[in-house]
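Comments concern the structure below.
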Amino acid sequence: MIYHGSRFTFRPDVPPGRRTTALDSLRDQGRTVPSVTSFLVGRDAGGAYEWGAVFVVEDLAGYRAFLTHPASRYADRIVRPMLDASISFDLTDDPDPKAAARIDEVRRHVLGTPAPSRRTVLKAVAAGTAAAATGVAAPAAAPAAAQAYGVAPGASVEVSMTVNGRLRRVAVEPRVTLLDALRERLGLTGTKKGCDRGECGACTVLADGERVKSCLTLAVMRQGAEITTVEGLARGEELHPVQEAFIRNDAFQCGACTPGQIMSAVACVDEGHAGSEAEIREWMSGNLCRCAAYQNIVAAIADAAREVRR
Ligand code: FES
Ligand code: FES
């Protein structure tokens, strides 16, 4: 198994919409390259302009296909011009130095340039030494992924998370998404499965205060995280101000997208991205509504932001 990761910083002048486009191209890459067995794209804990991506590729032949696939090239073309800085690294769970040398060789052969990456073995990441090895902090997901993929195929890993303020432990195979862990294992069906491929936002939850699409996040990558789902917003009978505002503004029709919209809206307000209608639309652009209740959703978020500021 080869983990191919990148961590990058957008140029400050790249607006949020274009950052989203870049992110989507990476997601497409993860979805369409056949040899990618699993992937994660998400905002880095470091700040609003930083994103990380980790792709898991089955083997060396698959890695070659990954590097040369049109979707990878397309993502490269989209993302690269927007970046201030980036660092890539390949992580292999094969401690054999010959395997690492072969990957370098493939990169040189395929890319026609010396490998732009620093390299370390997966064990180093798992031990938390990736920062020293790569010069940057590893994406938060990598250590968990390392742990997850260290188990035999078909075996389960115990994942501990604090979900809605309660410590929960769940045994899952490394391939199980956070969404499925929440819905199928913990019975928290408030989080909806829409597209199951990162496009609709119905599955949005908060992980350590940040909104994430839980269909694109493996449960094992959230080991020890604080997860909030829509069930965790109310305090007893008292609804969260965003929930109240959605009701006041009639911000839904069928309701399928609503839990994801609400979770994203909570983060949008917390992040301070609800200053104007345009800003709300921009920062909520990852959440789709098939009923097109956008006008009322935006009004509800503006309303909730005013409530919170009082
Ligand atoms: S179900 Fe996760 S984005 Fe659609
Ligand atoms: S209210 Fe129906 S999809 Fe949004």
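None of the figures in this text is laboratory data; all of them are computed from the coordinates on show. Bear in mind the structure is a predicted one, so any value in this text is a computation, not a measurement. Cβ sites come from the backbone with ideal geometry, for glycine too, and all protein chains shown count toward neighbours.
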Where does each of 262, 78 land when they are ranked from fewest to most other beta-carbon atoms within 10 angstrom? 78, 262
Please list, ordered by chain and number, the residues whose modelled amide H lies under 5 Å from the amide H of residue 37; skip anything fewer than 5 residues away on the same chain. 56, 57, 58
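Which trypsin sites (Lys or Arg not before Pro) from the stretch 260-308 combine a DSSP loop assignment with at most 16 other Cβ atoms within 10 Å? Write down the numbers at each step before the final one.
Values: sites: 281, 290, 306; in loops: 290.
For trypsin sites (Lys or Arg not before Pro) across the stretch 260-308 that sit outside H, G, I, E and B with at most 16 neighbouring Cβ atoms in 10 Å, the list reads 290.
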Sequence-distant or interchain residues sharing an amide H contact under 5 Å with residue 218, placed H: which? 178
